[in-house]
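The block underneath contains the structure these notes are about, expressed in structure tokens.
The values are calculated or read from the model by the stated rules, or taken from the named source; none is laboratory data. Predicted model, so just to flag it, every value in this text is computed and none were measured. Quick reminder, even Gly has a Cβ in these numbers, built from the backbone with ideal geometry, and neighbours come from all protein chains shown. Protein only, heavy atoms only, side chains kept; ligands, DNA and RNA dropped before computing areas. Shrake-Rupley method; radii C 1.70, N 1.55, O 1.52, S 1.80 Å.
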Amino acid sequence: MLNSIKKKFSLMKYRVHNHRNSDVIVSQPHLANEYSELLGVIESITEEEIISNYQERKSKEVKKGLNTTGKNTTKSLSRSINDLIRDGLLNCNWDSETAIFYNKTYTTKKWRLDFTKNKICVEVAFNHREAIPHNILKPVLSTEQNQLKKEFEAELGVVITATKSLKKNGNFDNPVGTYEDYIEYFTPYSFFIRNPLIIIGLEALDGFYIDPKTKMPKKV
């Protein structure tokens, strides 16, 4: 049976890195409301919600007889945080899995944006660091002109990812790219990333961590 963690739960904390004057551009009236909405969704997520989602996933695995320490079972906070961001944005009428291009050859998941609204596109990236260039370039493809006709054309891209502290605290896989990794890419990739882009790094939670051995939440 899974034990609940009882404490006063804090809200999600994050850091922001602005590229190509994105802090100025996002303050424009036709973008400001959607960006505030996005930040509001992140800021409203509580540790209690994350724990509840994570434990619900673990409970389902136990009921199905799965090995809770197995390779393909829940062991990090990535899916739970992703769920809560998705639910929050969908409740605010954001679109999900938006195709960048009309061309049917480029409508698979790797050519889709996680969330879009008005002229903002959002990627939630808790995947392998080798995917960092593509995660960065998807918003670029949506904002820059190219030979393919666009289904969605953005003016601003946002990537939400984990900081090193959340990666450790939340028991993310070692190859997962972090907020710090994304920022490191901006210098050598500056020629290719000419559009305004914001990187949001989610911080480690205050009240608990995921134990690497048991894959269960424990109090800090």
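Values as computed for the structure displayed
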quantity: Total charge dipole magnitude, the range 80-123, about the Cα centre, Cβ charges on Lys, Arg, Asp, Glu only, Debye to nearest 20; calculated: 240
quantity: Nearest-20 debye value, the chain charge dipole, Cβ charges on Lys, Arg, Asp, Glu; calculated: 960
quantity: Degrees between helix 47-63 axis and first principal axis of the chain (Cα, 0 to 90, nearest 10); calculated: 70
quantity: Helix 78-91 vs. the chain, principal-axis angle (Cα, 0 to 90°, nearest 10); calculated: 60
quantity: Calculated from backbone phi, Karplus (6.51, -1.76, 1.60) coupling profile of the range 132-139 in Hz, x at Gly/Pro; calculated: 4, x, 5, 4, 6, 6, 4, x
quantity: Length-normalised contact order for the range 43-171 - Cα pairs under 8 Å, 6+ apart - percent; calculated: 21
quantity: Virtual spin-label span in nm between Leu137 and Arg79, 7 Å along Cα→Cβ; calculated: 3.0
quantity: For the range 156-220, size of Cβ-based charge dipole, Lys and Arg +1, Asp and Glu -1, in debye; calculated: 240
quantity: Percent carbon-and-sulfur accessible area, the chain, ignoring ligands, DNA and RNA, probe 1.4 Å; calculated: 49
quantity: Computed [θ] at 222 nm, deg cm²/dmol, the chain (DSSP H ≥ 4; -39,500 (n - 2.57); rounded to nearest 500); calculated: -10500 deg cm²/dmol
quantity: Among beta bridges that DSSP assigns inside the chain, antiparallel share in %, nearest 5; calculated: 65
quantity: Accessible area per residue, Å², the chain with all protein chains present, probe 1.4 Å; calculated: 52
quantity: Euclidean distance between Cα centres, the range 24-53 to the range 105-120, Å; calculated: 19
quantity: Among Phe191, Ile42, Gln28 - extreme Cα towards positive end, dipole of the chain, charges at beta-carbon; calculated: Ile42
